[in-house]
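The values are calculated or read from the model by the stated rules, or taken from the named source; none is laboratory data. None of the values given here were measured: they were computed from a predicted structure. Ideal geometry is used to build each Cβ from the backbone, glycine not excepted, and the neighbour counts take in all protein chains shown. Please note that ligands, DNA and RNA were not included when accessible areas were found on the heavy atoms of the full protein model with its side chains. Shrake-Rupley method; radii C 1.70, N 1.55, O 1.52, S 1.80 Å.
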Amino acid sequence: MNEPSLLSISGVYRSFSAGEQQLTVLTDIDLDIKRGEMVAIVGASGSGKSTLMNILGCLDKPSKGQYFINGQDTSTMDVDQLATLRREYFGFIFQRYHLLGDLDAVGNVEMPAIYAGKDKKQRSERAKNLLSRLGLSDRLDHKPNQLSGGQQQRVSVARALMNGGDVILADEPTGALDSHSGKEMMKLLQELHQDGHTIILVTHDMDVAHFADRIIELKDGVIIRDVVNAQPTAQKTLAQERTPITTWLNYDRYIEAFKMALIAMLSHRLRTFLTMLGIIIGIASVVSVVALGEGSQQSVLENISAMGTNTIDVRSGSGFGDRRSAKVRTLTAQDSEALKVLPYVDSVTPSIKSSGTIRYGNQAVSASFNGVGIDYFRVRGYQLAQGQYWDETSETEMAQEVVIDNNTRKSLFPDRSAIGEVIFLDDLPVRIIGITQAKESAFGNSDSLEVWIPYTTLSARMVGQKYLDDITVRINQSAPSSAAEQGIISLLKMRHGTEDFFTINTDTIRQSIEKTTQTMTLLISAIAVISLIVGGIGVMNIMLVSVTERTREIGVRMAVGARQGDILRQFLIEAVLVCLCGGAFGIGLAYLIGQIFAFSGGSFQMIYSTSSIVAAFACSTLIGIVFGYLPARNAAQLDPVDALSRE
Ligand code: ADP
Ligand code: MG
């Protein structure tokens, strides 16, 4: 008896609080088990056998007393150190097998090695070898529900042996088996005993107990008998299969957790999809709203820049929609001349608008007639394709000269030069002296025909109107546009004596549009964020349900040596994965919305910015972490014994 005990328990008590009372299940247990023994713990139901077994297997801790494994005191160890002991020394066999239904035989057997950090090829080879050795070589990829009870129990034996299984703890291993399979199982345990494994067996059946060398009987938590049937025969010592951790590649843990998350998600597809729905809708709405805002803003800004850059329009009346503005006839060419003198003014053009028919030969088309000043083309940023503009003398002499746009040229002179030709604007003959380059028109129709004629000509020879419809001022690039606008207003107010005109500043319009879209985007994004949070709560809810549903699985994982961190990681990755998939689907949905929008003839395109997509992914990851943490932590903090006993 000089060999030190492998497992040594002294003065151990275990009590549970049941309501107000303390229920003492184990009382002052002393027990030594040597390496290579085969021990049966027997006793009536409720005598504390399983409780003792759980303490021996480090699944549970004694309330009082000490437990040494190979000389190491377990009372000072934390949960992860106990998990390490379970991985290194113990292999559990349960009455109800406790295999994971989502994994096949190999997957179940491999599990302890994953937590021990064995490399992938090694562990799958070993799992297959073990299963073949136990006569399951043709059942490697069967799921537990495709196996008989005896086969499932053999898979669980293989799992117990996976990390070496120096000590095999079997709690009623034959309890759920028919007598034939039960006998086979006992023979198998005896063989393992012969191979040098220490076997501790819990049973209420004396026939089963007689397979062991030593029988310990428990009654009401006290050892009442401890008989050695047979001296341990000279056995082989167990080849140390417990290879020290070879490759503890960190990413391997993540890959395994990732795989498990995928399996869990795929086995509850509908539920996973419904969980994602909140995230999908949230992400899709954020991304689409941002894209819509960006697209509409861009299109409006394009239109504004087509109106000319840095321009301020002066019109009669008090604003758009003022019905009396037509009667206000105070805007004159002299106002235009006066504005030219202001220091920050680059150029000014008066304008009178009319419309009518252009005739050439036997063709007639309707067009807009624009009576403008010579600076008009500079103010509006037009370029000439051919010919030239009129000059100051043309303006004073009310010359009958016009510049036409490309549309007019195309419709009247499709196949020859228009320069020098004479056309009729209503009844007035005019000569074409220039053709502008095609330009995207501002608001509205870009097929409209436009001709430009000196405003003096239009005023005197055609419409007989002395006042102007509007004056457009181009501001120096460097001048602040709002100050310039104020300057123009005060000058005209002084000249008119009253403010019977209003100004349109493209710069101000641009700024206010940008601001409005920003505000709108912010507002709708806030709503979308709320929907994301609601989605996140949905994820949390389902994850909590999932943890409850999979409590037994968590217990099994802990029994085979998973650390708290492993469990936490698995559930967290699952939550993040659900959210990320939701995010990806959400972005897909947003693109689909964009396609539908474009197809349904929206006046502009949705513009997807990379930053909003990156933000969407970051957001969904964050939601996964934030809302997945609580359920994952709950899972990780489960008590292994509790978890295993849950149905
Ligand atoms: P056996 O395996 O010998 O049938 P157990 O060790 O499972 O018995 O249980 C012994 C006693 O301890 C039983 O009366 C049982 O009700 C009680 N018990 C076991 N686990 C708990 C627990 N977690 N909380 C309260 N009582 C428990
Ligand atoms: Mg029991």
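Numbers at a glance
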{"quantity": "Residue that is surrounded by the fewest Cβ atoms within 10 Å (Cβ to Cβ) [pool: residues in the stretch 604-644 that are among the small types (Gly, Ala, Ser) and farther than 23 Å from GLY536 by Cα]", "calculated": "SER609"}
{"quantity": "Hits in the stretch 168-186 - residues which are within 45 Å of the chain's Cα centre (by Cα) and of a type in the set (Val, Ile, Thr)", "calculated": "ILE168"}
{"quantity": "Answer from ASP171, ASP141 - the residue that is under 29 Å from VAL42 (Cβ atoms) and either within 16 Å of ligand 2 (Cβ to nearest atom) or open to solvent by 10 Å² or more (accessible area, probe 1.4 Å) (or both)", "calculated": "ASP171"}
{"quantity": "Enumeration of residues in the stretch 557-572 that are surrounded by 24 or more Cβ atoms within 10 Å (Cβ to Cβ), of a type in the set (A, V, I, L, M, F, W, C) and part of a helix (DSSP H, G or I)", "calculated": "MET558, ALA559, ILE567, PHE571"}
{"quantity": "Cβ-Cβ under 8 Å pairs, at least 6 apart or on other chains, the stretch 90-118 side within 21 Å of ILE55 (Cα to Cα) and within 16 Å of ligand 2 (Cβ to nearest atom), far side open to solvent by 10 Å² or more (accessible area, probe 1.4 Å) and β-branched (Val, Ile, Thr)", "calculated": "PHE92/VAL560"}
{"quantity": "Selection count where residues are of a type in the set (A, V, I, L, M, F, W, C) and within 60 Å of the chain's Cα centre (by Cα), scope the stretch 378-420", "calculated": "7"}
{"quantity": "Residue in the stretch 220-233 that is modelled with pLDDT under 60, more than 16 Å from ligand 2 (Cβ to nearest atom) and either in the same structural domain as ALA113 (by TED's automatic domain parsing) or surrounded by 15 or more Cβ atoms within 10 Å (Cβ to Cβ) (or both) present", "calculated": "yes"}
{"quantity": "Residues of the stretch 425-437 satisfying the condition of being within 13 Å of LEU384 (Cα to Cα) and either open to solvent by 20 Å² or more (accessible area, probe 1.4 Å) or outside the structural domain of GLN363 (by TED's automatic domain parsing) (or both)", "calculated": "ILE433, GLN437"}
{"quantity": "Criterion violated by GLY11 - all others in (1) without any contact (Cβ under 8 Å) to a residue 60 or more places away in the chain; (2) under 51 Å from the mean Cα position of the chain (by Cα); (3) on the phi > 0 side of the Ramachandran plot satisfied", "calculated": "(2)"}
{"quantity": "Where ILE533 falls short, out of the listed (1) surrounded by fewer than 19 Cβ atoms within 10 Å (Cβ to Cβ); (2) assigned to a loop (DSSP other than H, G, I, E, B); (3) in contact with a helix residue (DSSP H, G or I) (Cβ under 9 Å, 6 or more places away or on another chain)", "calculated": "(2)"}
{"quantity": "ILE215 vs. criteria more than 23 Å from SER148 (Cβ to Cβ) and within 16 Å of ligand 2 (Cβ to nearest atom)", "calculated": "no"}
{"quantity": "Every pair of residues 6+ apart whose Cβ atoms lie under 9 Å, when the first sits in the stretch 23-50 and is closer than 9 Å to GLY221 by Cα while the second is more than 16 Å from ligand 2 (Cβ to nearest atom) and open to solvent by less than 10 Å² (accessible area, probe 1.4 Å)", "calculated": "LEU26/VAL12; THR27/VAL12; ASP28/VAL12; ILE29/ILE9; ILE29/VAL12"}
{"quantity": "The lone exception for GLY601 - which of (1) assigned to a helix (DSSP H, G or I); (2) among the small types (Gly, Ala, Ser); (3) open to solvent by 10 Å² or more (accessible area, probe 1.4 Å) it fails", "calculated": "(1)"}
{"quantity": "For MET276: the one exception among (1) more than 14 Å from ILE587 (Cα to Cα); (2) in contact (Cβ under 8 Å) with a residue 60 or more places away in the chain", "calculated": "(1)"}
{"quantity": "Segments classed as helices (runs of 4 or more DSSP H), wholly inside the stretch 372-424, with at least 2 members that are open to solvent by 30 Å² or more (accessible area, probe 1.4 Å) and in contact (Cβ under 8 Å) with a residue 60 or more places away in the chain", "calculated": "376-380"}
{"quantity": "Subset of the stretch 539-550 (residues that are of a type outside the set (A, V, I, L, M) and open to solvent by 30 Å² or more (accessible area, probe 1.4 Å))", "calculated": "ASN541, THR548, GLU549"}
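Rundown of residues vs (1) of a type in the set (D, E, K, R); (2) within 55 Å of the chain's Cα centre (by Cα); (3) not in a loop (DSSP other than H, G, I, E, B), yes/no style:
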residue: GLU294; (1), (2), (3): yes, yes, yes
residue: GLN298; (1), (2), (3): no, yes, yes
residue: VAL348; (1), (2), (3): no, yes, yes
residue: SER354; (1), (2), (3): no, no, yes
residue: ALA367; (1), (2), (3): no, yes, yes
